[in-house]
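The values are calculated or read from the model by the stated rules, or taken from the named source; none is laboratory data. The structure presented is a predicted model; accordingly, all values stated were derived computationally and were not measured. Cβ: placed from backbone, ideal geometry, glycine included. Neighbour counts: every protein chain shown.
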Amino acid sequence: MEREKGFTLMEVIIAMAILSVGLLAIGYMQITAIDTNSTGNRITEGTTLAQDKLEELITYRMTHDDLRESENPHKDETHPGYTIVWYVYDNPTNPADGKQITNAKQIVMTCQWLDRGRQKQTELRCIKPDL
């Protein structure tokens with residue numbers, strides 16, 4: 001028996017256990033990467049939708065219905081799964097010095113969506129001067 005070479009059953013079982021643990025870790029890592037990538041895509045899409053709407057509002061005249069403070073909150077639900085909400089404030093206050101900015105509007109844009117049953121959102125702010 002001393003001349004026979006090979007693995008014992010116990011060595012094979014231990015090697016398979018170590019291999020199984022490694023493969024399970026790799027599988028879990030792959031699932032986590034896919035989930036994180038999906039979340040990142042939703043954040044990117046929400047931010048892009050909010051930015052597109054904000055850029056659209058910036059092109060409007062100051063008297064446009066979508067830029068009236070009296071109509072707050074404004075909503076855009078044309079993108080399935082996302083709700084864009086924005087508030088408009090006339091003559092906002094400058095946060096740096098506390099003084100009022102005349103002939104301007106502040107737009108606070110929020111894009112909201114559900115991610116695994118939890119509400120997520122991204123927010124953008126802009127000052128639109130009346131030039």
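Every residue in region 1-60 that is among the aromatic types (Phe, Trp, Tyr) and within 30 Å of Arg125 (Cα to Cα), please. Steps first, please.
Narrowing region 1-60 to residues among the aromatic types (Phe, Trp, Tyr): 7, 28, 60.
Scanning region 1-60 gives a single hit, Tyr60.
Please enumerate the residues belonging to region 1-46 that are in a helix (DSSP H, G or I) and aromatic (Phe, Trp, Tyr). Spell out how you get there, then give the answer.
First, pick out the residues of region 1-46 that are in a helix (DSSP H, G or I): 9-46.
Tyr28 - this is the single residue of region 1-46 that is in a helix (DSSP H, G or I) and aromatic (Phe, Trp, Tyr).
Among the listed residues Thr36, Thr93, Thr44, Thr32, identify the single one that is exposed (fewer than 14 other Cβ atoms within 10 Å of the Cβ), within 19 Å of Asp130 (Cα to Cα) and polar (S, T, N, Q).
Answer to the selection: Thr93.
Any chance you could count how many residues in region 1-56 are modelled with pLDDT under 95 and in contact with a His (Cβ under 6 Å, 6 or more places away or on another chain)?
Of the residues in that region, 0 qualify.
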